[in-house]
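The values are calculated or read from the model by the stated rules, or taken from the named source; none is laboratory data. This is a predicted model, so every value here is computed, not measured. With ideal geometry, Cβ positions are generated from the backbone for all residues, glycine too; neighbour counts draw on all protein chains shown.
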Amino acid sequence: MAPRLRVLLPLLLVAMTACVRNPATGKRMLSLVSQDEEIALGKQAAQDVRQSIGLLDDKKVQDYVASVGLPMARNSERPELPWTVQAVDDPVVNAFALPGGPVFVTRGLLTHLNSEAELASVLGHEIGHITARHSVEQLSQAQLAQFGLVLGSALSEDIAKYGVLAAAGLQLLFLKYGRDDERQSDELGFRYMLGAGYDVREAADVFTTLGRVSESAGAGGLPSWLSTHPDPGERVETARARAAKANVDVSRLKQGREEYLAMLQGMAYGEDPRQGFFRDNVFLHPGLRFQLTFPKGWKTQNQTQAVLAASPREDAILGLAPAGDIPPETALRKFLSQQGIQPVSAAPTGYPPGTVYFQARTEQGAIGGVTTFLTHGGTTLQLLAYTEASRLQAYDDTFRATFTSFGELTDASALAVQPARIELVKLDAPMTVRQFQERYPSTIPVEELALINGVQPGDTLPAGQTVKRVTGGVKPSP
Ligand SMILES: [Zn+2]
């Protein structure tokens, strides 16, 4: 529902295999990964990314991002890979590459950049991770096997949606690259960028900006670019030196500032509350006009495909997910007919009508759960809760309280909520960022405004310059 994904905690169904890679033999084992395997792995993980984070629903932006990234990828050492370059609807500042071709950049990163050349340097760097096979080389055979096993296991798709798929594919996003890998990717990205005619000096600006982005902005979410890419400071210097050494007439290179900024006009900035947001433990979804109260103290997360809550002990899951364009009875029958799932009995009164208890066999043992399908605003939704079979009785009251809390969202302020958005202003006179903030107030602090414009609050912006401001939005609930 919304792109605020926390990696699924050690949930019941998640087959977390410890990394058993032997540093001495790892390399040799890893060279066994064929290009076909690499591509298949990346494709599956990219599918997980699209399902759990979600692509940005803006063709203009997708076309633009692809038009910058794909030519560099196709002129790389591995033009034959099935390259994709896409923007995901996530406010975290990040870009990442998956094995075999998929490159993603977040909406959060896009709103922090200021030119096409800056975007090219980010994408070129990520393309470098793929051409140099960095993530594949980090994977042990055991991890590779896990992808195959988990994804191909007997677990039903519906249950898997609540944990396994996300955790398996998205683990790839949590791989940290080593310094040497980063250096190599910077070097490769520089070459791709230059080959495509971009002003390579802009790479240093990107490192500066990303170095300024507070890590706290993405705390608890997917890893930010910073957490997977160490040493921005050193890389600013290296990028500068590299650009200075390149024997090119930089005045002929493309920066593409205006076209880049034009692409950002109207883009949501920060969290998009229309896709659902939490007020304390209540989940409000203005787009679909419903609300659901989760137990106090549970860890909640709002994914693209489901809203989830994990018990404090992480031994029980509650979730809500869209169930497709079919009537609730059909959806329930489909759910119960899946391999490994057996209906146990209709739930007692107190639960919504049509609620059933079920059992499922998993690699981690028997789980007991309760589920119901309901229609809301023409959409069929599934409420699902599960725990170890032996714990179901203990959690029954808690599950029932959440199930019966589902209802129409009527709060006018919640229904009217809108994300903050990027708006462009062309300056008619020179002014400092602080003066700009007084004349064209933004709903973000002046420091943050300066940061997304790639300048300092006291810097003077020249007349004629296009400047980003941020308008609208709501204060997130604490
Ligand atoms: Zn990197």
Inter-residue pairs, beta-carbon under 9 Å, first assigned to a helix (DSSP H, G or I) and in segment 250-266, second surrounded by fewer than 16 Cβ atoms within 10 Å (Cβ to Cβ), 6+ apart: R252/G197; L261/L424; A262/L424; M263/K60; L264/L424
From A73, A46, residue being more than 12 Å from the chain's Cα centre (by Cα), in the same structural domain as E202 (by TED's automatic domain parsing), over 30 Å from Q465 (Cβ atoms) and assigned to a helix (DSSP H, G or I): A73
Checking L172 against (1) modelled with pLDDT under 90; (2) buried (at least 17 other Cβ atoms within 10 Å of the Cβ); (3) assigned to a loop (DSSP other than H, G, I, E, B), the condition it does not meet: (3)
Of residues in segment 356-378 being out of contact with any Phe, Trp or Tyr (no Cβ under 9 Å at 6 or more places or on another chain) and in contact (Cβ under 8 Å) with a residue 40 or more places away in the chain, the one nearest to F290 (Cα to Cα): T375
Residue match in segment 114-121 (condition: within 12 Å of the ligand (Cβ to nearest atom), under 30 Å from K254 (Cα atoms) and at pLDDT 85 or above): yes
Cross-chain or 6+ apart pairs with Cβ under 7 Å, segment 433-457 first and crowded, with 20+ Cβ neighbours inside 10 Å, then small (G, A, S) and part of a helix (DSSP H, G or I): V433/A450
Filter result for I317 (within 26 Å of G276 (Cβ to Cβ) and outside the structural domain of V49 (by TED's automatic domain parsing)): yes
Number of positions in segment 274-328 that are aliphatic (A, V, I, L, M), under 24 Å from L392 (Cβ atoms), assigned to a loop (DSSP other than H, G, I, E, B) and more than 19 Å from the chain's Cα centre (by Cα): 1
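Name the residue that is nearest to the ligand (Cβ to nearest atom), counting only residues in segment 101-113 that are out of contact with any Pro (no Cβ under 6 Å at 6 or more places or on another chain) and assigned to a helix (DSSP H, G or I).
Step one: of segment 101-113, the residues out of contact with any Pro (no Cβ under 6 Å at 6 or more places or on another chain) are 102-107, 109-113.
Of the ones still in play, those that are also assigned to a helix (DSSP H, G or I) are 107, 109-112.
Values: R107: 19, L109: 13, L110: 17, T111: 20, H112: 16 Å.
Going through the qualifying residues, I end up with L109.
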Residue satisfying condition, being surrounded by fewer than 19 Cβ atoms within 10 Å (Cβ to Cβ), touching a residue at least 24 places away in the same chain (Cβ under 8 Å) and part of a helix (DSSP H, G or I), within set A414, A394, A463: A414
Positions within segment 77-100 being closer than 18 Å to V136 by Cα and either within 16 Å of the ligand (Cβ to nearest atom) or crowded, with 24+ Cβ neighbours inside 10 Å (or both), in sequence order: A95, F96, A97, L98, P99, G100
